[in-house]
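Undergrad: Shown below is the structure under consideration.
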Amino acid sequence: MHGFDGILQLDGYQGYNRLTRPTRKGGDPVRVAHCWAHARRKLKEVFDRDGSEIAAEGLRRIAEFYK
């Protein structure tokens, strides 16, 4: 990633956090675009476990992205 400056789409792996630090070697901090599929999976787990209306609303909003 040396010399890369831009937007990087990532999953939820925490090891990528070092790429966003202001002190990153090899370039400016990378801007991150997270994957909505990973966020959706977490909301689905909460909804299935608890029936949470907040999780249900999050799932509905994410579904709008894919229409």
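Quick note: the coordinates plus some simple rules give every number you see, no bench work behind them. Predicted model, so just to flag it, every value in this text is computed and none were measured. Here the Cβ positions follow ideal geometry from the backbone for every residue, glycine too, while neighbour counts run over all protein chains shown.
Undergrad: Given Cβ point charges of +1 (Lys, Arg) and -1 (Asp, Glu) and nothing else, what value in debye, to the nearest 20, does the dipole of the chain about its Cα centre take?
TA: Roughly 220 debye for the chain.
Undergrad: Reachable aspartates and glutamates from Lys44, Cα under 17 Å, same-chain residues fewer than 8 places away excluded?
TA: Asp11, Glu53, Glu57, Glu64
Undergrad: What's the angle, to the nearest 10 degrees (0 to 90), between helix 36-50's Cα axis and the longest principal axis of the chain?
TA: Taking Cα atoms only, the helix is inclined about 40 degrees.
Undergrad: Report Rg(Cα)/(2.2 N^0.38 Å) for the chain, keeping two decimals.
TA: 1.45
Undergrad: Relative to the longest principal axis of the C-alpha atoms of the chain, give the angle of the C-alpha long axis of helix 53-65, reported between 0 and 90° and rounded to the nearest 10°.
TA: In the chain, helix 53-65 runs at an angle near 60 degrees to the longest axis.
Undergrad: Would you calculate, for the chain, the mean residue ellipticity at 222 nm contributed by helices, counting each DSSP H stretch of 4 or more residues as -39,500 (n - 2.57) and dividing by all residues, to the nearest 500?
TA: So the helix-based figure for the chain works out to -13500 deg cm²/dmol.
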